[in-house]
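Colleague: Quick one: structure below, then a few questions.
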Amino acid sequence: MEIKQMLLTPSKFTRPQTKIKPTAIAWHYVGNPNTSALANRNYFESLKVGKKNSKGNYIYASSNFIIGLDGEIIECIPVGEKSFCTNQANGYTISVECCHPDSTGRFTEATYNSMVWLGKYLMQKYNIKNNIRHY
């Protein structure tokens, strides 16, 4: 499989370039059905300037990887750099966001197959033993 590198611009809101030693992979679903990996990556990129939520707080959000509906894999932040995806686990996880077609959160077969491939690849390459499901 191919991993397409489309790194986020360094920013304190998305890619702070803080070094980490990952010991787990955190798996997420994107929560916005029927969107593409590229659209989600571009959303993260748009946050680099410092956008605020409805409560007036800055949004800190990103992921190391995003897997799309057709199984495409985009790398947004290099492994070994912190992403803003898992709150307390940001300092030790590789975060993977996974697209889904509808509100059930179920993945397409292509997405699932890429998840399995990427998980195996990352676990072998970085000697990772733990996986976390993040909601």
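Colleague: Given the residues 1, 6, which is the only one that is in contact with a Phe, Trp or Tyr (Cβ under 6 Å, 6 or more places away or on another chain) and either acidic (Asp, Glu) or open to solvent by 10 Å² or more (accessible area, probe 1.4 Å) (or both)?
Modeller: Going through 1, 6 in turn, just one is in contact with a Phe, Trp or Tyr (Cβ under 6 Å, 6 or more places away or on another chain) and either acidic (Asp, Glu) or open to solvent by 10 Å² or more (accessible area, probe 1.4 Å) (or both): 1.
Colleague: Right, next: Can you pull out every residue in segment 5-23 that is under 13 Å from the mean Cα position of the chain (by Cα) and not β-branched (Val, Ile, Thr)? Spell out how you get there, then give the answer.
Modeller: Taking segment 5-23 first, the residues under 13 Å from the mean Cα position of the chain (by Cα) are 5-8, 14-15.
If the condition is that a residue be under 13 Å from the mean Cα position of the chain (by Cα) and not β-branched (Val, Ile, Thr), then 5, 6, 7, 8, 15 are the ones that fit.
Colleague: Scanning segment 46-74 for residues that are under 25 Å from residue 34 (Cβ atoms), hydroxyl-bearing (Ser, Thr, Tyr) and more than 14 Å from the chain's Cα centre (by Cα), which turns out least open to solvent (accessible area, probe 1.4 Å)?
Modeller: Step by step, filter segment 46-74, then rank; the result is 46.
Colleague: Condition (residue is out of contact with any helix residue (DSSP H, G or I) (no Cβ under 6 Å at 6 or more places or on another chain), at pLDDT 95 or above, closer than 17 Å to residue 5 by Cα and open to solvent by 20 Å² or more (accessible area, probe 1.4 Å)) applied to segment 98-114: is it met by at least one residue?
Modeller: Within segment 98-114, none of the residues are out of contact with any helix residue (DSSP H, G or I) (no Cβ under 6 Å at 6 or more places or on another chain), at pLDDT 95 or above, closer than 17 Å to residue 5 by Cα and open to solvent by 20 Å² or more (accessible area, probe 1.4 Å).
Colleague: Taking segment 25-38, which residues are surrounded by fewer than 16 Cβ atoms within 10 Å (Cβ to Cβ), out of contact with any Pro (no Cβ under 7 Å at 6 or more places or on another chain) and over 11 Å from residue 74 (Cα atoms)?
Modeller: 31, 32 - these are the residues of segment 25-38 that are surrounded by fewer than 16 Cβ atoms within 10 Å (Cβ to Cβ), out of contact with any Pro (no Cβ under 7 Å at 6 or more places or on another chain) and over 11 Å from residue 74 (Cα atoms).
Colleague: Restricting to segment 93-116, count the residues that are closer than 18 Å to residue 23 by Cα and either in contact (Cβ under 8 Å) with a residue 12 or more places away in the chain or hydroxyl-bearing (Ser, Thr, Tyr) (or both).
Modeller: 6
The values are calculated or read from the model by the stated rules, or taken from the named source; none is laboratory data. Worth saying up front: this structure is predicted, and the values here are computed from it rather than measured. For neighbour counting, all protein chains shown are included, and Cβ atoms are generated from backbone atoms with ideal geometry for every residue, glycine included. These area figures cover heavy atoms from the full protein model, side chains too; ligands, DNA and RNA do not enter into them. Shrake-Rupley method; radii C 1.70, N 1.55, O 1.52, S 1.80 Å.
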